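Here the structure is laid out as structure tokens; the discussion comes afterwards.
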Amino acid sequence: MPHEDEELKNSIVNYPWRVFSLPPSTNEYIRILESFLNLSQNSHIILISSTSVFGENQGFISNDTQPIPSDERGNFCLQAEVLALNAKVKSLTIIRPAGLLDEERHPGKSLSGKQNLARGNSPINLIHTEDVARFILHLFQLDQRKDPPKNRLINLASSRHDSRKDFYEKYCLDHQLIPPCFNSEERELLEKKNKIIDDSHLLLNYNFLLKYPNLY
């Protein structure tokens with residue numbers, strides 16, 4: 001691993017603004033993140049995390065909501081966030097995108113034709129990849145004018161939260177794919193506080209407008 005650490009050091013030296021964006025999946029991710037943070041003590045850092053740090057039944061989610069993960073990936077992302085928040089860097093911005101979507105990458109493709117899927121009435125929490133890239137660039141521009149706060153947490157999601165059933169059925173029908181079939185769980189879902197990621201802060205706090213507020 002020392003050789004890889006040296007390559008990492010050479011690749012990021014002398015950059016005052018640094019973005020860490022790798023799929024959080026293994027302990028190797030944590031090791032690379034830790035090395036990255038140790039080499040970035042005089043830099044402004046943006047860590048790309050995920051809204052999976054919030055459990056599926058946490059209800060309405062704002063930037064101030066305390067994460068309570070409900071699965072392994074969420075726990076892993078939260079572990080990375082805690083590591084970053086305790087790091088000695090100039091400033092840290094944690095951006096938590098919702099599920100990523102674009103013309104090539106769409107969950108409807110993998111769900112097409114599947115049977116007995118759960119959570120058909122749960123709201124979608126998705127964000128277009130272009131809006132994620134646009135927001136990062138927008139932050140850079142804002143922070144060039146004024147230094148960012150020491151720590152900030154920002155959730156990214158599109159404005160509409162249609163049901164999974166409606167959203168994926170429409171996508172499949174519009175693209176000549178077999179729609180997925182969701183099981184019946186109306187009563188169970190009505191009793192739960194389904195996760196909805198709020199996006200109002202993007203305009204209020206950062207004067208940022210989504211290009212894709214509606215993902216239909």
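Taking the options Asp147, Asp143, name whichever one is more than 12 Å from the chain's Cα centre (by Cα), buried (at least 16 other Cβ atoms within 10 Å of the Cβ), within 15 Å of Trp17 (Cα to Cα) and charged (D, E, K, R).
Sole residue among the options that is more than 12 Å from the chain's Cα centre (by Cα), buried (at least 16 other Cβ atoms within 10 Å of the Cβ), within 15 Å of Trp17 (Cα to Cα) and charged (D, E, K, R): Asp143.
Give the number of residues within the stretch 32-53 that are over 13 Å from Phe20 (Cα atoms) and in contact with a helix residue (DSSP H, G or I) (Cβ under 7 Å, 6 or more places away or on another chain).
2
Given the condition small (Gly, Ala, Ser), farther than 26 Å from Val82 by Cα and not in a helix (DSSP H, G or I), answer yes or no: does some residue in the stretch 144-157 qualify? I'd like the intermediate steps shown before the answer.
Step one: of the stretch 144-157, the residues small (Gly, Ala, Ser) are 157.
Subsequent filtering for residues that are farther than 26 Å from Val82 by Cα retains none.
No, because not a single residue in the stretch 144-157 is small (Gly, Ala, Ser), farther than 26 Å from Val82 by Cα and not in a helix (DSSP H, G or I).
Could you check how many residues of the stretch 41-96 are of a type in the set (Asp, Glu) and either under 23 Å from Gln141 (Cα atoms) or within 13 Å of the chain's Cα centre (by Cα) (or both)?
Pass one, the stretch 41-96, residues of a type in the set (Asp, Glu): 56, 64, 71-72, 81.
Right, trim to either under 23 Å from Gln141 (Cα atoms) or within 13 Å of the chain's Cα centre (by Cα) (or both) and you get 81.
Number satisfying all stated conditions: 1.
Return the pairs, sorted by first residue and then second, in which the second residue is not in a loop (DSSP other than H, G, I, E, B), the first residue lies in the stretch 58-69 and is surrounded by fewer than 17 Cβ atoms within 10 Å (Cβ to Cβ), the beta carbons are less than 6 Å apart, and the residues are 6+ apart or on different chains.
Note: pairs meeting the criteria are Phe60/Ile196; Asn63/Leu153; Asn63/Asn155; Asn63/His201.
Mind counting the residues in the stretch 155-181 that are more than 21 Å from Ser52 (Cβ to Cβ) and of a type in the set (A, V, I, L, M)?
Residues that pass the stated criteria total 3.
Determine, yes or no, whether Leu177 is among the hydrophobic types (A, V, I, L, M, F, W, C) and either in contact with a Leu (Cβ under 8 Å, 6 or more places away or on another chain) or modelled with pLDDT of 95 or more (or both).
yes
Restricting the first residue to the stretch 78-105 and requiring it to be of a type in the set (S, T, N, Q), which pairs with a second residue that is part of a strand (DSSP E or B) and buried (at least 17 other Cβ atoms within 10 Å of the Cβ) meet a Cβ separation below 9 Å and a spacing of at least six or different chains?
From residues that are of a type in the set (S, T, N, Q), the pairs are Ser91/His44; Ser91/Ile45; Thr93/His44; Thr93/Ile45; Thr93/Ile46; Thr93/Leu47; Thr93/Leu153; Thr93/Ile154.
When you go through Leu85, Leu111, Leu126, Leu156 one by one, which is the residue that is farther than 24 Å from Leu202 by Cβ, modelled with pLDDT of 95 or more and touching a Leu at 6+ places or on another chain (Cβ under 8 Å)?
Working: Leu85 fails: farther than 24 Å from Leu202 by Cβ; Leu126 fails: farther than 24 Å from Leu202 by Cβ; Leu156 fails: farther than 24 Å from Leu202 by Cβ.
When all the criteria are applied, what remains is Leu111.
Check the stretch 140-148 and report whether any residue there is under 14 Å from Tyr216 (Cα atoms) and not hydrophobic (A, V, I, L, M, F, W, C).
No, that holds for no residue.
Quick one: Asp166 ticks every box in (1) over 20 Å from the mean Cα position of the chain (by Cα); (2) in a loop (DSSP other than H, G, I, E, B) except a single one, so which number is it?
The failed condition is (2).
Here are some residues: Leu37, Leu8, Leu33, Leu22. Which one is modelled with pLDDT under 85 and among the hydrophobic types (A, V, I, L, M, F, W, C)? Break it down stepwise before answering.
Working: Leu37 fails: modelled with pLDDT under 85; Leu33 fails: modelled with pLDDT under 85; Leu22 fails: modelled with pLDDT under 85.
Going through Leu37, Leu8, Leu33, Leu22 in turn, just one is modelled with pLDDT under 85 and among the hydrophobic types (A, V, I, L, M, F, W, C): Leu8.
The values are calculated or read from the model by the stated rules, or taken from the named source; none is laboratory data. Computed from a predicted structure; not experimentally measured. Note: ideal-geometry Cβ built from the backbone for every residue, glycine included; neighbour counts use all protein chains shown.
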